[in-house]
1. Quick one: angle between helix 8-18 and the longest Cα principal axis of the chain, in degrees between 0 and 90, rounded to 10, please.
2. Indicate the gyration tensor shape class of region 169-272 (rounded, prolate or oblate), computed on the Cα atoms with a ≥ b ≥ c the square roots of the eigenvalues: a/c under 1.5 is rounded; otherwise a/b larger than b/c is prolate and the rest oblate.
3. Under the 0.36 nm per residue contour assumption, what length would be gained going from the current alpha-carbon distance of residue 203 and residue 187 to full extension?
4. How high is the relative contact order of the chain, in percent, counting Cα pairs under 8 Å that sit 6 or more residues apart?
5. Hey, what angle do you get for helix 201-216 against the long axis of the chain, alpha-carbon based, 0 to 90 degrees rounded to 10?
6. Near residue 175, within a Cβ-to-Cβ distance under 10 Å, what is the net charge of the other residues, with Lys and Arg +1 and Asp and Glu -1?
7. Among 16/152; 14/192; 90/152; 16/90; 152/249; 192/356, which pairs are too far apart, with a Cα-Cα distance over 26 Å?
8. Between residue 165 and residue 344, what is the label-point separation in nm under the 7 Å Cα-to-beta-carbon projection?
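No value in this document is a laboratory result; all are computed from the given coordinates. None of the values given here were measured: they were computed from a predicted structure. As a convention, Cβ positions derive from the backbone with ideal geometry for all residues, glycine included, and neighbour counts pool all protein chains shown.
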Amino acid sequence: MFVAMTTVSDVVAKQKKENILFSPETQTLEVAAATGTLTIGLVNQSSSNTVYAYVTGLAINNNYAVVLLQADGSTLYYPTNPSYDGSALKEDCAIPLGAPGSTTTVIIPYIAGGRIWFSVGSTLTFLLNSGIAGPGLVEPSVSNTSDPNYLKNWDFCEFTYNSDEVFANITYVDFVCLPISLTLNSTSGAVKHVRGLPSNGLATVCDGLIAQSAIDGAGWDQLIIRNGAIYLRALNPTQGIVFNSALFKNYWTSYVDAVWSKYASTPLIVNTQASWGDVLGLTSNLTSLSFSSIGSFTKPSAADIFGGASGAFAAQPNNTDQLLNIGARLDAALNRSTLLIDSFQPNNEVVSTYYKNAITNHYARIVHAANVDGLGYCFPYDDVTPDGGVNQCGAINDSSPSSLIVTVGGNNAYAQSKVSTVENDDSANENSLGTSRGDHSAPGEEQNVPSHLDAT
């Protein structure tokens, strides 16, 4: 079915689902953003002398055209519509990083839907498809075994930089591979840091998946992709189901049944953290969870829970935004397995109670535990946060950025004691449209970290 890609949100959603980035068909020029640039330090904290970076996104000041940085780290490349799909880039966009411990500086304009990619050992292949408003950038995929990048060692983080702020996050929503960390320096002198995985993070995650599979036999070890005997990456359950449609098929059934039974007589209260306020839900005939005149949710499948966008959690024709908002909070509570212990979501949530049920998103549990600070997007609605709580998604933002440091490799990963915590930005918790993976602001932590530090 053809789906119009009218807005930036539309094209970013397609990028996340299909690994191809198009310009939006409705083009809007941000006229006040003509001179915005940001310096980004790319730090090699791997053990390899052969590391490349790529910077991709939509140029806000150029009608949201697809843009890449060229190999010099400052020249912009705007590819044109190709004559055939699968065309090669016409410019070299592989930015070589220096030796381990070194920093390579790049400069970006205002960009939406941005990604910073890293590849260790070899360059990556990006291709071009023809599009309505310009070319589509075909990005590396972890679910397409014929992709030329499939057996390569690569990963990415996400960012948006506009006239309001810079927002960046590390993500494990699709897979785990290379350790990436973020350090955001503000003109005020504040420093926000997301620490990411240590250098052995992937091995820790894979070993944890194997151990969990031995405990429950659910197939968590099938999420591990190897290149020979070497761990290459760990897929999230949604990507694992792409390779094996039977994987986790009935995994959530008993837990969901118990939840539906609990809320047959006890109301579930969901704080929308938006103008809708609190809404109450009850199960009806043990088939649907109904929220009065707003709408209802059917029992979700494993694919619905892990992916957060299909079946029970797909967009509905009536009260769309409100139901997406409620669905985001339900989905987060299901992944964290807290609906049987907390009937007021998400405001009664406590991080220490996440993932304690035997039936839970063990991928998310294991990945969070492997991160130095426990933070990082591990499923699409991992940014759902209690009012005043600690956001788990590994995102940082600042309205007055001076520089961003993005580090790959995990060597010398540090976890300083917390000096002060930035108060939650209301937009971080609003999530009113049920968006995810860096579509809204989230708090970081202020740290006494020198701005020149090669942070990891």
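1. Approximately 80 degrees, to the nearest ten.
2. Cα axes put region 169-272 in the oblate bin.
3. In short, 2.0 nm is gained.
4. Dividing the mean separation by the residue count of the chain yields 18 percent.
5. For 201-216 against the chain, the angle is about 20 degrees.
6. Computed value for this residue: -1.
7. 14/192; 152/249; 192/356, as the Cα separations exceed 26 Å there.
8. In this crude label model, residue 344 to residue 165 measures out at 2.7 nm.
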